[in-house]
Each structure stands twice: as structure tokens, then as C-alpha cells.
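Worksheet: the structure to be examined is printed underneath.
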Amino acid sequence: MYNLRHKGNRNHFRFAFSIAANLATLIYGLSIGWLSPNLVLMSSDETPLVTGKISSEEQGTIGSIGTIGCMLAPLVCGWVAEIAGRKSALMLIGVTQLISWAVMPFATKLSVIYASRIFGGFAGGGTLSIVPLFVSEISEDRIRGTLGTMLAISCNFGILLGFIISHYVNCWAVTYLALLMCVVYSLGCCFLPESPQYLFVKKKKEKAIKALRFYRGEEAESETSQFTAEVARFKDIHNVGPLKKKDSNQIHIKDFLTRSRWKPILICVIVIMFPAGSGSIPLITYTATIFQESQSNLSPAMSSIVVATLQLIGSYVSTMTVEKAGRRVLLVVSTLGCAVCTITMGTYTFLQEMDVEVDYFRWVPVASMSALVFINAIGIGIVPFIIMTEILDPKIRGSVVTFCLLEFSGVAYLVVKYFPIAVEQLGMYTCMWFFSCCCVASAAFVLTCMPETKGKNFEQISESLNGGKKAGHKDVAPTPV
């Protein structure tokens with residue numbers, strides 16, 4: 001298996017393996033892109049459902065029910081990743097994605113669509129928890145951040161692809177493309193070696209070195225000092241006696257209650273709610289519906305494509321700026337920018353509701369929502385997930401990240417589920433203004449409570465969180481999450 005790798009530039013191998021893992025993320029993006037235009041179709045008289053067109057409440061259920069699977073995924077996939085390995089967890093994601101898309105050609109009833117969305121949500125939650133872990137463990141430190149941001153790029157590219165194919169071909173074409181990608185992804189996982197760090201943890205040193213040699217390419221074949229030093233470092237990190245390892249890795253309630261730990265935990269719990277509070281999640285889920293309601297100049301389908309394109313560009317810009325501008329700057333700019341966009345959209349729909357003439361301003365919905373997803377992708381969309389792995393103590397990182405992903409899924413479920421009902425009962429403008437208030441509050445929290453983590457190691461970040469004092473606890477070497 002390890003001889004399948006061809007010669008070439010070693011960085012190309014890292015990107016190729018990262019792309020292979022992130023193909024699951026792209027498939028998840030396809031499911032998001034598939035949803036928006038199909039909600040419009042199922043709400044119309046041309047609905048393919050034998051039960052007739054769906055109500056606004058059923059729209060909310062279809063849009064949000066996937067988060068049930070998403071909440072289960074970190075627990076199940078995380079357990080599989082620890083017991084059977086990262087590779088097995090990646091393959092489990094592929095199987096659930098295949099199931100979610102395989103039933104769609106027969107989806108003439110809501111119950112089938114619900115089942116498909118739950119399996120797809122499970123795959124999405126697994127993707128968010130396992131793919132970053134796997135990519136971080138096979139990557140070198142100097143390119144880990146760049147490879148990690150490919151998660152957002154892959155997902156946003158999938159969303160855009162779903163919108164384009166649904167508009168220019170048909171919605172079923174997305175299904176067949178996704179099925180093909182699921183097969184390719186699952187087969188690709190079969191040929192990927194296990195994570196070297198996982199193998200070191202499990203005391204399989206020979207297999208670990210062999211896997212590391214595969215992922216490092218030519219520099220490993222020539223046994224460079226860099227590769228030799230990396231092997232020695234991994235051996236040193238994971239070569240711990242059984243008793244010491246058990247004592248140091250066992251987690252107690254008191255581990256979460258020390259001041260040096262509960263403060264970063266609180267930051268993570270709050271920051272992970274930023275994406276849902278910005279309005280971007282319901283916007284992407286109901287893109288076509290929102291533009292249909294606002295009577296924009298562009299068709300709902302074309303408006304969706306414009307929005308998804310700008311979101312993809314924004315995620316690329318984020319990869320270029322996150323290590324230069326810093327996390328705090330990106331979050332503040334992103335939250336305040338989203339606040340301006342949602343205020344603008346809310347004001348437009350309010351004037352429209354009041355029967356004010358807005359014919360000359362029908363470009364506002366597309367412009368404001370396009371700006372929102374672009375600005376969101378630069379900061380709110382990816383930085384909270386980066387922050388979690390930087391400020392949390394290695395000993396409790398896995399537990400807290402799992403909890404935060406569950407929280408993220410739960411909040412996303414509530415927002416997506418009740419957004420159509422809130423729009424119907426309170427009006428679009430009320431929802432937009434609510435999101436703007438959340439964005440302003442998020443910016444205030446970042447400015448007053450969150451430290452800058454750019455270019456700092458964990459010890460330096462801990463000191464800044466504790467007012468310049470060093471943390472009073474010592475733990476084993478970090479376990480990547």
C-alpha cells in the first residue's frame with residue numbers, strides 16, 4: 001500500500017492527502033447546496049412529494065433535522081477514532097454519506113428526506129470533528145494551519161457546486177454526483193495509511209514510522225535530519241510508562257474547574273455560538289427562499305450562486321490573512337461587518353413591509369447578503385474552530401471540543417428550525433435585526449475577553465489569559481484535536 005505513492009514535491013503530497021480527506025467535507029457542502037433550491041421546489045405546486053407541497057414548519061424541520069445526526073457524530077466518530085483509528089472513523093463518515101445520498105432518488109415522501117438529512121448531518125458532524133484531527137496529525141507544523149483551513153474551502157466549494165448544478169442541470173444531478181464522490185472517497189480511504197501519531201499512541205512504532213515516511217515523501221526516503229528529529233520527538237512524546245500515562249491522561253471534574261482552564265472553556269463555549277448568531281447558517285440553508293421573499297432583481301437561483309461564490313472567496317481570503325492579521329482582528333471585523341449587513345437587509349425588508357417604494361434598491365438584498373457571507377467566511381465562519389484548538393489545555397481539549405461541537409449543532413438546529421416560523425410570525429426584518437444585535441455583542445466579547453493567539457504557543461496564551469501569570473498545572477504533551 002505504501003508503494004502506491006509516486007515521486008514528486010513533498011508539499012504536493014500533503015495537499016493531496018488533505019484534499020482526499022476533505023472530499024468528505026465537499027460532499028457535505030453538496031448536501032447544503034442541494035437543500036436550498038429543493039426547499040423552494042418542494043414548497044411549490046411542482047413538488048415531487050406525493051404528500052403535496054410542504055409548509056414553512058416542514059421547511060424548518062427539513063433544514064434542521066440534520067443537526068440531530070450532527071450532534072451524535074462527535075460522540076460516535078470520536079469513540080471510533082480512539083478505539084479503531086482515524087482511518088476507520090473517516091470510512092464510517094463515507095458509509096453514512098453514501099446511505100444519505102443513496103435514498104434520495106426514491107425520496108417521494110418526507111420521511112425518506114428526513115432520514116437522508118439525519119444521515120447526512122451525522123456525516124457532516126463527523127467531518128467537522130475527524131477530518132481536522134486527521135489532517136493535523138499527518139501534517140508538518142509549518143503547513144498545518146494552511147491545510148486546516150481547507151476544511152472551509154472544501155465545504156464552501158461543495159455548496160457552490162450544489163447551487164450551480166441544481167440551477168443549470170437539475171437537482172437529481174447533484175445526487176448522482178455526490179454518490180460518485182462517496183464511492184471515490186470511500187475507496188481512497190482504503191489506501192490511506194493510519195495517522196502516524198495515532199499509531200505511536202497505540203505503541204505500534206514500526207507501523208507509525210512507516211506511515212510517517214509515507215506522508216513525508218522524499219525527505220523520509222533520504223532520512224533527513226528533520227525527519228529523524230520528528231520521529232524522535234514522537235517517540236519521546238508517546239513513550240510513557242503505563243502507570244504514568246494512565247495517571248496523566250485520566251480526567252477528573254476538578255481538571256475543568258481551575259481558573260487557568262475554566263476561562264478558556266468559557267471563551268470557547270461563547271465563541272462557538274458566533275456562526276449561528278451571525279445569521280449565516282439560516283441564510284445558506286434558505287438562500288433561495290430569502291431572495292424570493294425580498295423580491296430581488298436577480299432570480300433566487302442566481303442570487304444563491306452569487307452568495308456561494310463570495311463565501312468561497314471569503315474562505316480563501318481567510319487562509320491568506322489568519323496568520324497575518326490575527327484572530328481578534330478577523331473576528332471583530334467579521335462580526336461588525338455582519339452587523340452592518342443584517343441591519344441593511346432588515347431595514348430594506350422593513351421598508352418593503354411598510355409599502356415604501358424600493359424599486360431603485362432591489363439590488364440591496366443581493367448586495368447585503370453577499371457581503372454578509374463573504375465577511376462571515378473571513379472570520380466568524382472558521383476562526384472559532386481555530387481558537388478552540390489554541391487556547392484549551394491539551395489534557396481537556398478533546399472533551400471540551402466535543403462539547404462545543406454538540407453545542408454548535410444544538411444552536412444551529414434551533415436557529416434553522418425556527419427561522420422560517422420566526423419570519424412568518426415576526427417578519428424578515430425582525431430576524432435580521434436580531435442577528436445584528438448578536439453580532440455587535442460578539443464583537444464586544446472579543447474586544448473585552450478574548451486574547452490574541454497569533455504566533456503564540458500554548459504557554460504564552462495561558463499567561464495572557466491569566467494576566468501574565470504562568471498556569472499552575474503541568475500536563476502531558478498535546479494530543480491534537
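Out of every Cα pair in region 323-454, what percent are spaced more than 23 Å from each other?
On the way: 3709 of 8646 pairs.
Cα-Cα pairs of region 323-454 separated by over 23 Å account for 43 percent.
For region 106-132 versus region 12-75, the spacing of their alpha-carbon centroids is 7 Å. Projecting the Cα atoms of Gly33, Val131, Gly188 onto the dipole axis of region 9-192, where Lys and Arg carry +1 and Asp and Glu carry -1 at the beta carbon, places Gly188 farthest toward the positive end.
Is the C-alpha gyration tensor of region 9-192 telling us rounded, prolate or oblate? Criteria: a/c under 1.5 is rounded; beyond that, a/b larger than b/c is prolate, otherwise oblate. Walk me through the numbers before you get to the answer.
On the way: a/c = 2.31, a/b = 1.81, b/c = 1.28.
It comes out prolate by the Cα gyration axes.
Of Gln311, Thr402, Val329, which is farthest along the charge dipole of region 258-469 in the positive direction, counting Lys and Arg as +1 and Asp and Glu as -1 at C-beta? Working it through, the farthest residue towards the positive pole turns out to be Thr402.
Quick check on packing: order 26-37, 59-70 by the mean number of other C-beta atoms within 10 Å, highest mean leading.
Working: 26-37: 27.0, 59-70: 23.8.
Most protected by this proxy first, the peptides run 26-37, 59-70.
Quick one: pull the percentage of alpha-carbon pairs in region 319-378 with a separation above 13 Å. Display every interim value, and only then the final one.
Values: 1126 of 1770 pairs.
When all Cα pairs of region 319-378 are counted, 64 percent exceed 13 Å.
Take Cys431: with every protein chain present and a 1.4 Å probe, its accessible area is about 10 Å².
The alpha carbon gyration tensor of region 55-125 gives principal lengths a ≥ b ≥ c with a/c of 1.5 or higher and a/b no greater than b/c, which makes the shape oblate. Both radii come from the Cα set of region 281-362: Rg as radius of gyration, Rh as Kirkwood radius; their ratio Rg/Rh reads 1.05. Residue pairs exceeding 27 angstrom between C-alpha atoms, taken from Lys263/Lys456; Lys202/Lys454; Lys87/Lys203; Lys210/Lys324: Lys202/Lys454; Lys210/Lys324.
The values are calculated or read from the model by the stated rules, or taken from the named source; none is laboratory data. Predicted model only: the values in this text are computed from it and were never measured. Quick reminder, even Gly has a Cβ in these numbers, built from the backbone with ideal geometry, and neighbours come from all protein chains shown. Just the protein is used for accessible areas: all its heavy atoms, side chains included, with ligands, DNA and RNA removed. Shrake-Rupley method; radii C 1.70, N 1.55, O 1.52, S 1.80 Å.
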